[in-house]
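Here is the structure we will look at, set down as structure tokens.
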Amino acid sequence: MGIAITVAQYLAERGVEYDVVEHPHAVTASESAKTSHISLNRLAKAVVLKGDEGFMLAVLPASSHIQFGQLRKQLGAEVDMANEEQIETLFLDCEPGAVPALGAAYGLKVIVDDSLANEPEIYLEGGDHASLVHISGSTFQKLLADPRHARFTESP
């Protein structure tokens, strides 16, 4: 399939230089990182959340897990993970479970974990289970400059 049209258009409209890293089919972010030989700390995974104000995206390293108590405190709102059916209605040009960490491309609010701030390069799902988008860390920071930034994860 390659990267989602929405992702490609979003990056093109912003003049972002990127590479597409093809890898064997992988269902989870951890598997994508392993098959691509990249650090879990550099793979920005997206978790779709649902709350009273609708849907939003939490972006965090694939090496970490959301601490929902901390996230809710940071947001000042109750949020939980969206279910697969809800996610599929938001990301129509993506394979189920391959959510790109670019919520603005899909009209979603975003919160980004601060642990991604110092990575020199970032990889993110391209919208399928066989390719990652590779961009510089500084480009990633520019793309996600407007969303809220906070610390809401822990490493296992």
Query - Part-to-part distance (alpha-carbon centres) for the range 28-70 and the range 83-126, which is given in Å - result: 8 Å
Query raised in the report: R0 = 35 Å: FRET efficiency of Gln9 with Lys73, Cβ-based, nearest 0.05?
Result: 0.50
Report summary line: Quick calc, Glu85 & Glu154: beta-carbon distance into FRET formula, R0 22 Å, rounding 0.05, result 0.20
Report summary line: Given 24-34, 97-107, the highest-first ranking by average Cβ count within 10 Å works out to 97-107, 24-34
Query - Most to least packed among 59-67, 8-16 [average Cβ atoms within 10 Å] - result: 59-67, 8-16
Requested in this report: Would you compute, from DSSP H runs of 4+ residues alone, the mean residue ellipticity of the chain at 222 nm, taking -39500 (n - 2.57) per run and dividing by the full residue count, rounded to the nearest 500?
Outcome: -6500 deg cm²/dmol
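Where a number appears in this text, it was derived from the coordinates with a stated rule and is not lab data. Predicted model only: the values in this text are computed from it and were never measured. Positions of Cβ are generated from backbone atoms using ideal geometry, with glycine treated the same way; all protein chains shown enter the neighbour counts.
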